[in-house]
Structures are given as structure tokens and as C-alpha cells.
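The values are calculated or read from the model by the stated rules, or taken from the named source; none is laboratory data. Only a predicted model underlies this, so the values are computations on that prediction, with no experimental measurement involved. As a convention, Cβ positions derive from the backbone with ideal geometry for all residues, glycine included, and neighbour counts pool all protein chains shown.
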Amino acid sequence: MLPTPGNLDVFIDRALEEDSFGADVTTKSLIPPHLEARAFLVPKEPGILAGLEVAAATFRRVDTSLVFTQKLLDGDRVDGGEIVATISGRMASILTAERTALNFLQRMSGIATLTDRYVQAVVGTSSSITDTRKTVPGLRLLDKYSVSIGGGRNHRMSLADGVLIKDNHLAALQAEGIDLGQAIKRARAHHTVKIEVEVESIEAAIAAANAGADIVMLDNMSPADMHTAVDQITADCTVEASGGITLANVAEVAQSGVDIISIGALTHSPRALDISLDYEAKNA
């Protein structure tokens, strides 16, 4: 879900302040305050829309009199060239809000579009596509919302959402003589959230599952090794694949039988969807 309107305003205000929207010297010096216009949001390529409500809120944050009319909704698939929304009102206000609104909309639609490609690549398997915490600092809620719009699932929203024991945690504990099984018991004694363990070998995956992990993450393992690990891990333990997964190999990873495929690239390396704002000036 999107942040509440109040929290969404925090994201938007920070972005507008970064752009010094109140000191738009170009627009102030060139565009008469009375000039009215209508603008059209038009994707230039195929993709999945996400962030239309954020874009609308951005325009309204600059000027409450602007009218934003959606033709399509978040999650809709576009071919490119169609009008997805119109903005009407003071041209100066539309110009001032344009870049910030497009930054949100293009990035969010890019994430949704990339997620959809991964989701489509594993159709017919039992694997689900999830994101990670590799998000833009301060924009995690928007990034993860966009993943969900693209058909993916959200992994941990924050450090509070689950125990994830990684190699560095285990290395620190080993110095105190604490092994994996003891680490899982220690975590279980303090928390009721699920416990996940990151492993890099078949043997470690089996050991983690046998020690009581709820989820075992197979990190940077080959699809063949993933398949072997899945076959030997008990059915009540969820198996996740992560690391080195691309559109070229995600189908093969899914066919190994893993339950979850987590992909950091969904939010750390998306390409923005090409969306433009075209103008139609009205008579003064």
C-alpha cells in the first residue's frame, strides 16, 4: 500500500524542497501567472504504471487548484503513446511540479515494469519474486509499493520484520563459541518473527534447516546446487534463492524448486520508464 496522505506529503515535500520549487527562476521570469494550460502524461514505451497517485499529489502540493485526471490506474499495462493522465490549471505551477512528479512516476513505473518481467519469466513455477532492502534511502515505501504493483512480493520492510542471520553474524558468534544451532535458539528466545539463515553451500543449507531455521537463503548458488538443496530440505522450511539472479537465468532458478527468489536489482538498478509531459496552452 502507498503511504498515508500525511506520510506521502513528507516524501513529496522533501523532493520539492530539494528542487527549490519556490524559487523556480525560469518559470517566474518567463511564464505569466495568468496563463492556463493542459498537460498530458504520455509513456513513450511499453510498461507497467506505478506512482500516478504520487504524481497527482505532487502537482497538488505545488498548487491545490491544479486538476489531475487519471485515465489509467497503477498496475495498468501500457503500450506507449496513450494519455494516462491530464493536468489542468496554471501553466507556471505545472512546469514547477513537472520534474519532481515525473521523477516519482518514471522511477516507480520502471520498478513495476522490471518486476513484471521477472514475474512473467517464472510463470508456471511455484516460485514468487520478492524485493530486498536495497532501496533508495528514504524511498523504501515507494520502492516496495512499486514492486507489489508489478506483481512481486515484499521481503523485509525493515530490520524489525525478521531475523536474517548472515555470515558476518555467524563469524562474530563463532568467536564466542556459539554455533549455528545455538544462534538460532538464541534468536528464537528473543523474538517471535521468522528466522532466516543465509548459506552458500548445500551442506550449510541442510544444517540450517535441521537446526530450526524457518527460511534458508541460498546465496549465489548454481541452479543445480539449489535443486539438490531443495530436495534435501524439509518441506516445512521455506527455501529462498538470492544473488546473481538475472532475467536470463531466473526461470532456471525457479525450476530448481525454490519458494522465493529475492532480487535486489528490482529496486537498486531499475531503468526509469520513459514518460513525458506534453503541453497544450490555453488562451489567456
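Some points to look at:
- In the set (1) assigned by TED's automatic domain parsing to the domain that holds THR113; (2) hydroxyl-bearing (Ser, Thr, Tyr); (3) in contact with a helix residue (DSSP H, G or I) (Cβ under 6 Å, 6 or more places away or on another chain), the condition left unmet by SER256 is number (1).
- Scanning the range 212-232 for residues that are touching a strand residue (DSSP E or B) at 6+ places or on another chain (Cβ under 6 Å) and not small (Gly, Ala, Ser) yields a count of 8.
- Test: residue in the range 47-64 that is part of a strand (DSSP E or B) and more than 21 Å from the chain's Cα centre (by Cα): no
- Top-ranked residue of the range 40-61 - restricted to ones that are surrounded by 24 or more Cβ atoms within 10 Å (Cβ to Cβ) and of a type in the set (A, V, I, L, M, F, W, C), ranked as farthest from PHE21 (Cα to Cα): ILE48
- Each residue in the range 107-121 was checked for being out of contact with any Gly (no Cβ under 6 Å at 6 or more places or on another chain) and crowded, with 22+ Cβ neighbours inside 10 Å, and 5 of them qualify.
- Members of the range 12-39 that are surrounded by fewer than 19 Cβ atoms within 10 Å (Cβ to Cβ) and within 20 Å of the chain's Cα centre (by Cα): ARG14
- Criterion: in contact with a helix residue (DSSP H, G or I) (Cβ under 8 Å, 6 or more places away or on another chain), assigned by TED's automatic domain parsing to the domain that holds GLN70 and more than 30 Å from GLN255 (Cα to Cα) - qualifying residue of ILE83, ILE94: ILE94
- Residue list for the range 65-87, filter: farther than 17 Å from PHE104 by Cβ, over 22 Å from the mean Cα position of the chain (by Cα) and part of a strand (DSSP E or B): VAL67, THR69, THR86
- In the range 125-161, of all residues being in a helix (DSSP H, G or I) and among the small types (Gly, Ala, Ser), the one that is surrounded by the most Cβ atoms within 10 Å (Cβ to Cβ) corresponds to SER146.
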